[in-house]
Each structure stands twice: as C-alpha cells, then as structure tokens.
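Written out below as structure tokens is the structure these notes cover.
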Amino acid sequence: MLDTPKKERFLRLTDVMARTGLSRSSIYLSISEGKFPANINLGARSVGWLESEIDAWMQDRINQRSIAS
C-alpha cells in the first residue's frame, strides 16, 4: 500500500497560540531565540506557520518532558 503524503497547511497566529498555549509575545521571542519554528510570509501583511513544524515542535517538547522525568 502506498503512503500518500500529508497535505501541508498554514496556521495563523491565533491557531498557533491555541495549539501551543503560548502568547503572541512568547512565540515571537522564542522565534528570535531560535527555539520555535519561524513564520512564513504569506502576503504583504500576513504570516503563517507550517502545521507540520508546529506539530514537530510540540512533539519535541513532549519528548523532552519524558527524558527529564
């Protein structure tokens, strides 16, 4: 059976905040520190994040918790 690639989608800031529980300022601070996936320019005044990168970041945080326990 062939695996079909998952379709990628962009998440807007409000979606990222809801998924991660982080505030806007925490997200942008973490991006500047290289600790969070960078946003992608979608237009003149619009940015988004790749859903797969946010999911991977969340999974990494879960894995770090498991290691620390």
Item to complete: Could you pull out every one of the helices (runs of 4 or more DSSP H) wholly within the chain that has 3 or more residues that are touching a residue at least 40 places away in the same chain (Cβ under 8 Å) and not aromatic (Phe, Trp, Tyr)?
Response: 51-68
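Residue-by-condition table, conditions (1) surrounded by 13 or more Cβ atoms within 10 Å (Cβ to Cβ); (2) of a type in the set (D, E, K, R); (3) modelled with pLDDT under 95:
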{"position": "2", "(1), (2), (3)": "no, no, yes"}
{"position": "10", "(1), (2), (3)": "yes, no, no"}
{"position": "14", "(1), (2), (3)": "no, no, no"}
{"position": "25", "(1), (2), (3)": "no, no, no"}
{"position": "28", "(1), (2), (3)": "yes, no, no"}
{"position": "40", "(1), (2), (3)": "no, no, no"}
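If I filter segment 17-69 down to residues being among the charged types (D, E, K, R) and under 14 Å from the mean Cα position of the chain (by Cα), which single residue comes out as farthest from residue 6 (Cα to Cα)?
24
The values are calculated or read from the model by the stated rules, or taken from the named source; none is laboratory data. A quick note: this is a predicted structure, and the numbers were derived from the prediction, not measured. Every residue, glycine as well, gets a Cβ built from its backbone with ideal geometry; the counts of neighbours run over all protein chains shown.
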